[in-house]
Amino acid sequence: MAVETPRKASLNMIPFYLERKMSSQNNHLVKRIVVESPASSANVGPGFDVFALALGSPKDRVIVTPRREGLKLSVEGKGFEQIPTAPAGNTAGVVATKMMYDFRLPAGIEVKIVKGVPVSMGMGSSAASAAAVAFAINRLFSLDLDANTLVKYAAEGELASAGKPHADNVSASLLGGFTIVRSYDPVDVIRVDPPENLGICIASPQISYGAKKTAQFRAVIPSSIELDRLVHNVGNASALVAAVFRRDLKLFGRALDDSVVEPARSKLIPGYEEVKRAAVENGALGVTISGAGPSLAAFFDNSLVDGTLIGDVMCQAFRNAHVEASYHVTRPGEGTTIVDEA
């Protein structure tokens, strides 16, 4: 999808409600805002393109500053060399371009992205940057967009990395907690606080799938499914939501079972079955592919189990499959937050 170049805005092109805010806050264009957006684990269990969970760590940091005109974009940090800096090829750039055009912003924007979320590991790296920019522009220019509208704009950025405006990762990065995308047209997202004792261990195999990893993992998904598999997934998806509301971690683990997407994607991950088995045998309540993969997310009760033990055995299982891996242990996280405003 082509990205339109924003027109140079003048005051008489700005919608009345925004012009009124500018007149009452005429110094806001000199501000700089720094925000952080967390990694996320999407497609949780049977919740393909619907469920996502914000992670406590890692995070992207994004600095947005008004400039005279145009869009300037830079990237540094973890894996920066893999990330395009041309706005049309960068998720944050697509979001900024779209918002500049739609709201006729009275200034250009400089966006600096400091990556903390690893690229192409299934932890919503592109979504974290997109969510951060949507949040920052909304705040910087006092647009007062509601949560669903912010999710919609952030999801536009996923066109650059995934080819479609997926809302699951960006909703978790923006809103935090456990998110449910009830509808894409119109965008309607429900946020729920996850259970307090929910621990998450993300094990990431060091595998390169090239520049179009997400496309490869989507290509293997079946285009049609049998009725019994649909019933299976609807039942588990419903149970997973019930588990979150009831704070029932054992039910949460049982409800992660997906009979549609994960069986197809698992074939692209060496050692998948062995890694899952090792995690469960060492205290995990359940394991699922994180996002599009190749990372696997193991969930556990952090009041009873040491997540580092789960991470150690998962990485050993990957090594047994001749794949190096690393892990980190975290908890559900907050959404996008302001670090600094000036």
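Among the residues of the stretch 189-239, not one is at pLDDT below 90 and in contact with a strand residue (DSSP E or B) (Cβ under 8 Å, 6 or more places away or on another chain).
Quick check: is even one residue across the stretch 253-268 among the aliphatic types (A, V, I, L, M), at pLDDT 95 or above and over 22 Å from the mean Cα position of the chain (by Cα)? For the stretch 253-268, residues among the aliphatic types (A, V, I, L, M), at pLDDT 95 or above and over 22 Å from the mean Cα position of the chain (by Cα): absent. Taking into account only those residues within the stretch 271-297 that are more than 21 Å from the chain's Cα centre (by Cα) and of a type in the set (Val, Ile, Thr), which is nearest to Ala239 (Cα to Cα)? Step by step, filter the stretch 271-297, then rank; the result is Val280.
Restricting Leu249, Leu230 to those that are more than 30 Å from Asn282 (Cα to Cα), in the same structural domain as Phe300 (by TED's automatic domain parsing) and not aromatic (Phe, Trp, Tyr) reduces the list to Leu230. Here Gly291 does not fit the description of being touching a Leu at 6+ places or on another chain (Cβ under 8 Å) and in a loop (DSSP other than H, G, I, E, B). Among the residues of the stretch 61-96, those that are assigned to a helix (DSSP H, G or I) and in contact (Cβ under 8 Å) with a residue 12 or more places away in the chain comprise Phe80, Gln82, Pro87, Ala88, Gly89, Thr91, Ala92, Gly93, Val94, Val95, Ala96. Given the condition under 21 Å from the mean Cα position of the chain (by Cα) and surrounded by 22 or more Cβ atoms within 10 Å (Cβ to Cβ), answer yes or no: does some residue in the stretch 220-234 qualify? Scanning the stretch 220-234, I find no residue that is under 21 Å from the mean Cα position of the chain (by Cα) and surrounded by 22 or more Cβ atoms within 10 Å (Cβ to Cβ), so the answer is no.
Per this entry, Ala147 is not counted among residues that are within 22 Å of Pro38 (Cα to Cα) and either surrounded by 18 or more Cβ atoms within 10 Å (Cβ to Cβ) or in contact with a Phe, Trp or Tyr (Cβ under 7 Å, 6 or more places away or on another chain) (or both). The residue list Ala317, Ala242, Ala264 contains one member that is outside any strand (DSSP E or B) and either touching a strand residue (DSSP E or B) at 6+ places or on another chain (Cβ under 6 Å) or crowded, with 17+ Cβ neighbours inside 10 Å (or both), which is Ala317.
Could you go through the stretch 284-300 and let me know if any residue there is at pLDDT below 95, at negative phi and crowded, with 24+ Cβ neighbours inside 10 Å. Taking every residue of the stretch 284-300 in turn, at least one turns out to be at pLDDT below 95, at negative phi and crowded, with 24+ Cβ neighbours inside 10 Å.
The values are calculated or read from the model by the stated rules, or taken from the named source; none is laboratory data. Predicted model, so just to flag it, every value in this text is computed and none were measured. Neighbour counts run over all protein chains shown; Cβ positions are idealised from the backbone, glycine included.
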